[in-house]
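Below you'll find the structure, written out as structure tokens, and then a few comments.
The values are calculated or read from the model by the stated rules, or taken from the named source; none is laboratory data. On a predicted model such as this, the values are computed, not experimentally measured, just so you know. As a convention, Cβ positions derive from the backbone with ideal geometry for all residues, glycine included, and neighbour counts pool all protein chains shown. Just the protein is used for accessible areas: all its heavy atoms, side chains included, with ligands, DNA and RNA removed. Shrake-Rupley method; radii C 1.70, N 1.55, O 1.52, S 1.80 Å.
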Amino acid sequence: MFRDPLAAAANVAEGIAERAAAHDADGSFPEQDFRDLHRAGLLGLRIEERFGGADVDPVTYARVLETISAAGASTGLALNMHSSATALLGRVGDDGHLERWLRPVVDEGRAFASLTSEPNVSLRHIEFATALHQVDGGYNLDGLKHFTSLAGFASSYLVFAGV
């Protein structure tokens, strides 16, 4: 891990800025940016230190996002969505879940996405229509989601559903 996440963000910002216009023009996902963010230790910003992350304070997190977003707005947004998913999992998972799902983010650069958006749901009124039902041998997840940031790139997806 690094000692100064702001310096790490500044170090990767130049490469992100060089690629940003091309990603904006063709609508491609900034995969190289995420590889650079991983090498810089920035995919673990909101992951506890005991799982290899940086667990930075909110002001430092905002300043890192500001630096990355100034270089490439799409990369900054994607990093925030990834980091929000890892932070939420960090709050609700037990140690076994956190080791299984968050350690690979730090060690291998795996990205997280969250599937939350669905019809008639807002942050003011959260009642997900997507439902998780236990069935013989496991679970059935049934619902409709509109989109997710990092779709197709992320290796792990946090799905919001009612039980």
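Exactly one residue among Ser114, Ser122, Ser83, Ser74 is surrounded by 18 or more Cβ atoms within 10 Å (Cβ to Cβ), of a type in the set (S, T, N, Q) and either part of a loop (DSSP other than H, G, I, E, B) or modelled with pLDDT under 90 (or both), and that residue is Ser114.
Of everything in the stretch 35-50 that's over 10 Å from Ser83 (Cβ atoms) and either in contact with a Cys (Cβ under 7 Å, 6 or more places away or on another chain) or part of a loop (DSSP other than H, G, I, E, B) (or both), which residue is most open to solvent (accessible area, probe 1.4 Å)? Among them, the one singled out is Glu48. Whether any residue in the stretch 51-61 is open to solvent by less than 50 Å² (accessible area, probe 1.4 Å), under 15 Å from the mean Cα position of the chain (by Cα) and of a type in the set (Asp, Glu) is what I want to check. Checking the stretch 51-61: not a single residue is open to solvent by less than 50 Å² (accessible area, probe 1.4 Å), under 15 Å from the mean Cα position of the chain (by Cα) and of a type in the set (Asp, Glu). Report the residue count in the stretch 141-152 for those that are under 11 Å from the mean Cα position of the chain (by Cα) and modelled with pLDDT of 90 or more. Adding up the residues that qualify gives 1.
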